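**Q** What follows is a single structure, and I will ask about it in a moment.
The values are calculated or read from the model by the stated rules, or taken from the named source; none is laboratory data. Note that the structure is predicted; figures quoted are calculated from it, not measured. Cβ placement follows ideal geometry from the backbone for every residue including glycine, while neighbour counts extend to all protein chains displayed. For the accessible areas, the whole protein counts, side chains as well, though only heavy atoms, and no ligand, DNA or RNA atoms are used. Shrake-Rupley method; radii C 1.70, N 1.55, O 1.52, S 1.80 Å.
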Amino acid sequence: MSTNKTYTVPTYAAFGWLTFSTFLAVFGPLLPVESFRTIHGDFLDAKPFTAGHWFGVDSNGYDIFSGIINGARLSLFVAFITVGIGGFIGSLLGITAAYYRGRYDSIVNTAFNVVLAVPNLVLALALVAVLATNVDINEAVPTWRRLATLMISLTVVIIPILGRIARASALTWSGREFVVAARSMGMRDRHIIWRHIVPNVLPVLIAVGFLAVGVVIIAEASLSLLGVGIPDGASWGGMIARGRNDLEYNPHALYFPIIALALTVISTNHLGDVLRGRLDRREARL
Amino acid sequence: MAGSGYAHLRDSDDVVLALRDIVVEFRVGGGRVVNAVSRISIDVRRGETLAIVGESGCGKTTLGKAILQLPAPNTGQVMFEGTDLTKLPKEQLRSARTAIQMVFQDPISSLDPRMTVGEIVGEPLWIWGRGSEADREAKVRELLNNVGLDPELVLHRRSYEFSGGQCQRISIARSLALEPRMLICDEPVSALDVSIQAQILNLLQDMKDRYGLTMVFISHDLAVVKAVSNRIMVMYLGKICEVGSPDAIYSKPAHHYTSALLDSVPVPDPAYQRNNVALQGEPPSPVAPPTGCRFRTRCPAASPLCAAEEPLLREVAPDQFVACHHPRL
Amino acid sequence: MRATYFLQRLSQLLIVIFCVTFGCSLLLQLIPVSPAEILLPVGSPEERALLTKEIGLDRGPIGYYVKWLSEFVRGDFGDIYYSGGREAVSSRLVVAFPRSLWLMLYTQIVALAAAIALGVWSAYRVGRRADKVISNVLFVFSSIPGFAIALVLVLIIGVRLQWLPTLDYQPYSAGVWEHFKHMIMPVLSLSVGLIASYTRLLRADMIATLREDYITMAASKGLSDRRILWRHAFRPSSVTLFTSAALNMGGLIGGAIVIETIFATYGVGFEVFAAISGRQYIALQSLVGLISIFYVVFNVIVDFAVGFVDPRTRDRRVNK
Amino acid sequence: MNTILSIAAMNIKFVTPRGLLEAVHEVSLDIPVGSSVGIVGESGSGKTVLSRAAMGLLSGSTVRREGKVVFDGKELTTMTREQVRNEFGTGMAMIFQDPMTALNPVRRVGTQIAESLRIRLGMSKKAAVVRTIELLSLVQIPDPQAMLRKFPYQLSGGMRQRVMIAIAISCSPKLLFADEPTTALDVTVQSQILQLLSDLRRELKMSMVLVTHDLGVVAGNTDYVAVMYAGEIVEQAPTSELFANMKMPYTEALLKSIPTIHMQSGKRLAVIEGRLPDPTSRLQGCSFAPRCPYVQPKCTAEHPPLVNAGNDHLYRCWFPLGQTIARKQ
């Protein structure tokens, strides 16, 4: 981890795995793989390495390999979108708060603290429960709305996490003398933020953003285990939730999604670390 | 009225910058207030270099930044070429600032590590939309040449590839881009190695002549100040001790603090003998400064009068003013 | 000076509690259906009106909040409604809270003990083989979610080997070994990730501290490495570690939902989950309020603990 | 002449991502018993690395050290870490540049001083406290009793430096390394600390190595001076001999480029052109050649050896000053 070389074998592996799963996520539907919804009645509970079903089949008759490919799409899609939007809102708030200070800053900071005072999962669960309630409680909430609700909830979870980091980083950069210099040259505040603060804060945010992707993937899986994740149990978390019910007889239905999920989180965490390390070395030279 | 006095102020047409009763206070926790600068008045003539000298915590940097309203003083006037900068609305202040530029102490912190040297030096021009892109680049090249850097070599490199001395050259080039009339140098050489210091001091001197600048030079180093200034103001705990020409102050300091400072400077000559005992103790806290004369707690000549009454600046020799009840002259 | 600071800090934290609970009650108003309808799906309109009045929902958002708050501070956390009856949240908490408390305590003790040993050792041996092995193994564990570890433990230790029970909780009164037997797997699942993140924090801070001049100074006094590590380097390096441990307390009390569900430990986290899935919004509001109080209380404690560990912060925060 | 410390053919390299960084190159230096030796150089000259390596305080996987260090008749370089540690405190002690970072921020002043007494001298708790108070008065700290319970952050810079000196002298070392002991301090405090150090040295009969960038500090406080440049000793002589009779152009240039309070104001300073050498690449010839005003072809081609001019005066130059050799200026 703390090697001097910038790119090591694990870095390539992590990058490779993420590229691969992103590829599956984007082009999954075009691949010659059967739909994950197809029920293979003849192969119920098939063990891994069965011809045609290399990862086996679960007790519902779903092929695990196609499930993993499909899950990649949902898990990564949700994670990248929420981190993107949450990171944008969070850093906008955090950076401006750090630059302008004063009352605005204390409001933003308190808001972050309020959200952080509630455990991640509790917050997400509560938001999902409240937002996905229908006027007629007996009528099922449509899938798109449940998905949107889930993503909004996870975004709310991400905003203060990344916002706080953006604020802390922006705070140190706005104390630098080049910011004072820019003001003394008559630069407008928004230009200072855009040209001097954002470019310096951005690398840290990207590094932490990778870690946040891991956080979201795990949070979504946890919600799935609790039955309120991505609808239809099609994400990796959903597969784990289903595999859990049958873990004594069909452990492979549990292992494969866990491995896929762990590999993805390890990869994003590792890439985040590598970026962080490069930054730290760069800062050290300044 | 107690204050630091106005005897040293000059009433002439070529006064470019006049500070009147500047007070800068910082709030620290628990309702305590630090008197960083308390009621300082000073003026600077066109083409002059005023040096502000003092030890850490005397308020010299705060005073320098207060001229540029970064941050603005709590009370007092900053008259620059006849306009009071403290009263200007935000937009007008923004453009007024272009006439006064600043060179900072830390050459590395004062340059954005993510920008190329060309971008850094050209930034002031970009902000004010001066000239076309090509004009701006030509101007940047000229500036870099003037500060002794080869534009071809440095234009596209970033600040962390340079040494402290070179960064300070870049910083000076940037401060000159808008052709300011006044340059405030805040400890511009104290972060540099001895052999580099002289280069930068000479460069500042050259730039002053070439661009016809008026300078405020802030430093803790009496020797450095002597090399560059026409007029010196010695500060202690947010107040003026002594104002005068360098030759007067260095040859016969009137304030006991000035004299102690001069005696403390190490001299690179093994045969040199000090004539006085070193000053005892350290400056008191600026949160609760002593009453009357602020130097009295360490002063060898302190009397009850010094605790009761604050000394005002008065002339003790031609163009030498001191705020002391018992001056050495 | 410290009293002023204490009051300032406390008022900030009270604001946090207020915002959390008030936010909760605002969310309640956002629900498109009347909560009474959800709570009493089979009740008559009269019964629902009665319930609405009892909860205070007829008083508008602020009136409702004031009523909730005055009951909350008196220890009345509202009721949970189900077909045919209701149960006070407080009486359920009497059962659930000790479970969560033990779970959190054991988890923190295990995680901190392991992280301090590993963190100090790997910082001392930084760049050597031991450090690399520890760092890489912990890195992998930090990326595996707790529930995955829990499920694998259940499968191997519980189902295959049958060494430990996979479900339920036993109090001390049922026997010390019984109590611990039911705690080992949940605590392990929760603490593995924490060990990893705590160790990383401590290791990074220790490495930075070991580069400080005062460590060289201590070495130049002729002190042994062991003394330098523990007496001189550990304390100034442990601030981040203890801060982050304290901030996890609230999360472990109320947020260990998945682990509590997997092992049927049924602590506060599970109560939260039950309140959400059963649409028991009033109970949810009280539970979230309690959890945020926990968060805030530990925040205050850690603030003063940090002041003890690192005396510099006592004055620094006054200056900010 | 008895030597307390003798460094022979010391080489120190650091492994860095950019390659081997040669911080100290073939340095030999003897410290006579009871003397004060100054090591002068700019940043990157290797002066701090040399002093730390001499004491055996550099460790870690990135350091490559060669050479022999003999302290008080014992060869440190062949001893185990445990044995070297036994020399610390009682044999050698060190004070550091920045007293803020060199005192443990979370431990009380009293504990930090008493620690050496208890562990190195095996004193009882009570005896250690008594001795601590004595030490604090020895370094002229007012109210030593109250000082015991303070934390370093509660003290001023000068007080912190006094506390650090108290720790260093607590076990009566024979040799004191002072690494830029006054650089972080204000000028009036600097002269107090230098005075204190020289008093203590006389009182405790210590030898001292004074590492500094300031020729002025060296002039009044040392018996011998070694000037370092780019990791090498380039000139070495008794202090008065060195200032009276400089041989090495670098030493002369360094002295001339320092502004002093005795120079005429407004005069241009003498300048050493160019910048400090890159420590990752060693030049074939003299390392000062690229900046030397008297450079000759031989200087860039061949590395000059250290030559003895008599009177203990060593220098590393092909064309030393004061010799009647035709120079192209």
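**Q** Quick one: count up the residues across segment C:151-174 that are without any contact (Cβ under 8 Å) to a residue 40 or more places away in the chain and either touching a strand residue (DSSP E or B) at 6+ places or on another chain (Cβ under 8 Å) or of a type outside the set (A, V, I, L, M, F, W, C) (or both).
**A** 7
**Q** Would you please name the residue that is farthest from C:GLY307 (Cα to Cα), looking only at residues in segment D:108-119 that are open to solvent by 20 Å² or more (accessible area, probe 1.4 Å) and among the charged types (D, E, K, R)?
**A** Checked segment D:108-119; the qualifying residue farthest from C:GLY307 (Cα to Cα) is D:ARG118.
**Q** Something else now. Would you please name the residue that is farthest from A:PHE178 (Cα to Cα), looking only at residues in segment A:205-222 that are open to solvent by 30 Å² or more (accessible area, probe 1.4 Å) and touching a residue at least 60 places away in the same chain (Cβ under 8 Å)?
**A** Applying the filter and picking the extreme gives A:VAL215.
**Q** Considering each residue of segment C:113-133, count those that are in contact with a Ser or Thr (Cβ under 6 Å, 6 or more places away or on another chain) and surrounded by fewer than 20 Cβ atoms within 10 Å (Cβ to Cβ), and give that number.
**A** 1
**Q** A follow-up question, please. List the helices (runs of 4 or more DSSP H) that sit entirely inside segment C:147-263 and contain at least 1 residues that are more than 30 Å from C:ALA123 (Cβ to Cβ) and of a type in the set (Lys, Arg).
**A** Passing ranges, in order: C:176-210.
**Q** What number of residues in segment C:35-58 are within 14 Å of chain A (Cβ to nearest Cβ) and open to solvent by 50 Å² or more (accessible area, probe 1.4 Å)?
**A** Final tally of qualifying residues: 4.
**Q** Among the residues of segment B:130-147, is any closer than 30 Å to D:THR183 by Cβ, modelled with pLDDT of 90 or more and buried (at least 19 other Cβ atoms within 10 Å of the Cβ)?
**A** There is at least one residue in segment B:130-147 that is closer than 30 Å to D:THR183 by Cβ, modelled with pLDDT of 90 or more and buried (at least 19 other Cβ atoms within 10 Å of the Cβ).
**Q** Now for a different question. Any idea which of C:LEU112, C:LEU105, C:LEU118, C:LEU161 is aliphatic (A, V, I, L, M) and modelled with pLDDT under 90?
**A** Sole residue among the options that is aliphatic (A, V, I, L, M) and modelled with pLDDT under 90: C:LEU161.
**Q** Among the numbered criteria (1) part of a helix (DSSP H, G or I); (2) more than 14 Å from every other protein chain (Cβ to nearest Cβ); (3) open to solvent by 50 Å² or more (accessible area, probe 1.4 Å), which single criterion is violated by D:TRP318?
**A** (1)
**Q** For residues in segment D:82-96 being surrounded by fewer than 24 Cβ atoms within 10 Å (Cβ to Cβ) and out of contact with any Pro (no Cβ under 7 Å at 6 or more places or on another chain), which is nearest to the other protein chains (Cβ to nearest Cβ)?
**A** D:PHE88
**Q** Can you tell me which residue is farthest from D:GLY41 (Cα to Cα) among those in segment D:202-213 that are in contact with a helix residue (DSSP H, G or I) (Cβ under 8 Å, 6 or more places away or on another chain) and in a loop (DSSP other than H, G, I, E, B)?
**A** Selected residue: D:MET206.
**Q** If C:LYS181 satisfies all but one of (1) away from every other protein chain (no Cβ under 11 Å); (2) open to solvent by 50 Å² or more (accessible area, probe 1.4 Å), what's the number of the condition it fails?
**A** Unmet condition: (2).
**Q** Pairs needed: first member in segment C:284-298, more than 17 Å from C:GLU87 (Cβ to Cβ); second member anywhere, among the hydroxyl-bearing types (Ser, Thr, Tyr); C-beta distance under 9 Å; at least 6 residues apart or different chains.
**A** Every condition considered, the pairs that remain are C:VAL288/C:THR21; C:GLY289/C:THR21; C:SER292/C:THR21.
**Q** Restricting segment B:235-255 to residues that are of a type in the set (Ser, Thr, Tyr) and within 19 Å of B:ARG314 (Cβ to Cβ), which is nearest to the chain's Cα centre (by Cα)?
**A** This residue is B:TYR236.
**Q** I've got another one for you. Can you tell which of C:GLU46, C:GLU71, C:GLU54 is farther than 22 Å from A:VAL130 by Cβ, part of a helix (DSSP H, G or I), without any contact (Cβ under 8 Å) to a residue 60 or more places away in the chain and of a type in the set (Asp, Glu)?
**A** C:GLU46
**Q** With within 14 Å of chain B (Cβ to nearest Cβ), open to solvent by 20 Å² or more (accessible area, probe 1.4 Å) and under 21 Å from the mean Cα position of the chain (by Cα) as the only criterion, which of A:LEU275, A:LEU202, A:LEU263, A:LEU225 stands out?
**A** Criteria check complete, one pass: A:LEU202.
**Q** So which of D:GLY216, D:GLY220, D:GLY157 is within 25 Å of D:GLN236 (Cα to Cα), open to solvent by less than 30 Å² (accessible area, probe 1.4 Å) and within 14 Å of chain B (Cβ to nearest Cβ)?
**A** After applying the criteria, what remains is D:GLY216.
**Q** Name every residue in segment C:213-230 that is farther than 13 Å from D:THR111 by Cβ and more than 7 Å from chain D (Cβ to nearest Cβ), in order of residue number.
**A** C:ILE215, C:SER224, C:ASP225, C:ARG226, C:ILE228, C:LEU229, C:TRP230
**Q** Taking into account only those residues within segment A:228-249 that are at the interface with another protein chain (Cβ under 9 Å from one of its Cβ atoms) and charged (D, E, K, R), which is most open to solvent (accessible area, probe 1.4 Å)?
**A** Residue satisfying both the conditions and the ranking: A:GLU248.
**Q** Is at least one residue of segment A:121-140 modelled with pLDDT of 90 or more and either among the hydrophobic types (A, V, I, L, M, F, W, C) or surrounded by 21 or more Cβ atoms within 10 Å (Cβ to Cβ) (or both)?
**A** The answer is no; no qualifying residue exists.
**Q** Hey, another quick one. State which residue is most open to solvent (accessible area, probe 1.4 Å) when the search covers only segment B:252-270 and only residues that are more than 7 Å from chain D (Cβ to nearest Cβ) and not polar (S, T, N, Q).
**A** Per the criteria, the residue is B:LYS252.
**Q** Looking at (1) farther than 30 Å from B:PHE26 by Cβ; (2) open to solvent by 30 Å² or more (accessible area, probe 1.4 Å); (3) under 18 Å from the mean Cα position of the chain (by Cα), find the lone condition where B:GLU152 falls short.
**A** (3)
**Q** Could you tell me which residue of segment B:200-229 is farthest from the other protein chains (Cβ to nearest Cβ), considering only residues that are surrounded by fewer than 23 Cβ atoms within 10 Å (Cβ to Cβ) and modelled with pLDDT under 90?
**A** Filtering first and then ranking leaves B:ASP221.
**Q** Taking segment C:1-18, which residues are open to solvent by less than 50 Å² (accessible area, probe 1.4 Å) and under 29 Å from A:LEU125 (Cβ atoms)?
**A** Once the filter is applied, which keeps residues that are open to solvent by less than 50 Å² (accessible area, probe 1.4 Å) and under 29 Å from A:LEU125 (Cβ atoms), segment C:1-18 yields C:LEU13, C:VAL16, C:ILE17.
**Q** Scan segment D:197-213 for residues that are open to solvent by less than 30 Å² (accessible area, probe 1.4 Å) and either facing chain B (nearest Cβ under 10 Å) or within 16 Å of the chain's Cα centre (by Cα) (or both) and report the count.
**A** 9
Conditions (1) within 11 Å of another protein chain (Cβ to nearest Cβ); (2) surrounded by 24 or more Cβ atoms within 10 Å (Cβ to Cβ), marked per residue:
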{"site": "C:HIS232", "(1), (2)": "yes, yes"}
{"site": "C:ARG235", "(1), (2)": "yes, no"}
{"site": "C:VAL239", "(1), (2)": "yes, no"}
{"site": "C:LEU252", "(1), (2)": "yes, yes"}
{"site": "C:VAL268", "(1), (2)": "yes, yes"}
{"site": "C:SER277", "(1), (2)": "yes, no"}
{"site": "C:PHE298", "(1), (2)": "yes, no"}
{"site": "C:ILE301", "(1), (2)": "no, no"}
{"site": "C:PHE304", "(1), (2)": "no, no"}
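**Q** Any chance segment D:235-243 includes a residue that's open to solvent by 30 Å² or more (accessible area, probe 1.4 Å) and within 30 Å of B:LYS252 (Cβ to Cβ)?
**A** The answer is yes, given that some residue of segment D:235-243 is open to solvent by 30 Å² or more (accessible area, probe 1.4 Å) and within 30 Å of B:LYS252 (Cβ to Cβ).
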